[in-house]
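Everything on this sheet refers to the single structure shown next.
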Amino acid sequence: MPTLLDTHIVNRFRVQPNHANNNETLHGGNLMKWLDEVGAMSAMRFAGQTCVTARVNELDFSRPIGIGDTALVEAYVYEAGTSSVRVRIRAWREEPRTGESEETTESSFTFVAIGEDGKPTPVPELTVESEEGKQLQERALEAETN
């Protein structure tokens, strides 16, 4: 059985001028793509199957990420259904020279595992063994109620 920490993925993306909007900050659509990609990687690591996006829950952009900054994206599975997987996703603006960061974006996405026949397929049960995993799961569930 995969554990929550087995699904924990952190990735970085360098924000270039071609990723920017008219305000010279990361275009929201580019960030959404990166969130979806990292979230899908987390879901697939958990499910052992191809996973497709079924739902994007409330997506809050609280701060911009500028050209030259790094977008740091974190994702992990915090709940599993029969064929669906809920993934907590957050992003930070990171200054690449100092590592200074601030949270910019948060959401949870739901992915569905797809079998070779193209139909939903069962996913394993999620195991949360460590204290760190329990804290991450609690944080994700708490964010749903706020």
Scan region 7-25 for residues that are over 14 Å from the mean Cα position of the chain (by Cα) and open to solvent by 20 Å² or more (accessible area, probe 1.4 Å) and jot them down. Arg14, Gln16, Pro17, Asn18, His19, Ala20, Asn21, Asn22, Asn23, Glu24, Thr25
Flagged in region 1-29 as in contact (Cβ under 8 Å) with a residue 12 or more places away in the chain and more than 23 Å from Tyr78 (Cβ to Cβ), in numbering order, are Arg14, Val15, Gln16, Pro17, His19, Ala20, Asn23, Glu24, Thr25, Leu26, Gly28
Kindly establish whether Gly68 is on the phi < 0 side of the Ramachandran plot and small (Gly, Ala, Ser). no
Evaluate region 71-78: report whether one residue or more is more than 16 Å from the chain's Cα centre (by Cα) and modelled with pLDDT of 95 or more. no
Scanning region 113-132 for residues that are in contact with a Gly (Cβ under 9 Å, 6 or more places away or on another chain) and assigned to a strand (DSSP E or B), the one modelled with the highest pLDDT turns out to be Ala113
Result of the Cβ filter at 8 Å on region 95-110, keeping first residues that are without any contact (Cβ under 8 Å) to a residue 24 or more places away in the chain and partners that are surrounded by 14 or more Cβ atoms within 10 Å (Cβ to Cβ) and in a strand (DSSP E or B), at least 6 apart or interchain, is Glu100/Glu94
When only residues in region 127-146 that are surrounded by 13 or more Cβ atoms within 10 Å (Cβ to Cβ), closer than 21 Å to Met44 by Cα and not hydroxyl-bearing (Ser, Thr, Tyr) count, which is farthest from the chain's Cα centre (by Cα)? Val128
Complete set of residues in region 50-63 that are touching a residue at least 60 places away in the same chain (Cβ under 8 Å) and either open to solvent by less than 70 Å² (accessible area, probe 1.4 Å) or in contact with a Lys or Arg (Cβ under 8 Å, 6 or more places away or on another chain) (or both): Cys51, Val52, Asn57
Some residue of region 32-43 being hydroxyl-bearing (Ser, Thr, Tyr), open to solvent by less than 70 Å² (accessible area, probe 1.4 Å) and either closer than 28 Å to Ser130 by Cα or under 17 Å from the mean Cα position of the chain (by Cα) (or both): yes
Which of the residues that make up region 70-126 are crowded, with 22+ Cβ neighbours inside 10 Å, of a type in the set (A, V, I, L, M, F, W, C) and more than 21 Å from Leu5 (Cβ to Cβ)? Ala71, Val112
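The values are calculated or read from the model by the stated rules, or taken from the named source; none is laboratory data. This structure is a prediction, so every number in the text was calculated from the model and none was measured. In this analysis, Cβ positions are derived from the backbone assuming ideal geometry, glycine residues included, and neighbour counts consider all displayed protein chains. The protein model used for the area step is the full one, side chains on, heavy atoms only, and it has no ligands, DNA or RNA in it. Shrake-Rupley method; radii C 1.70, N 1.55, O 1.52, S 1.80 Å.
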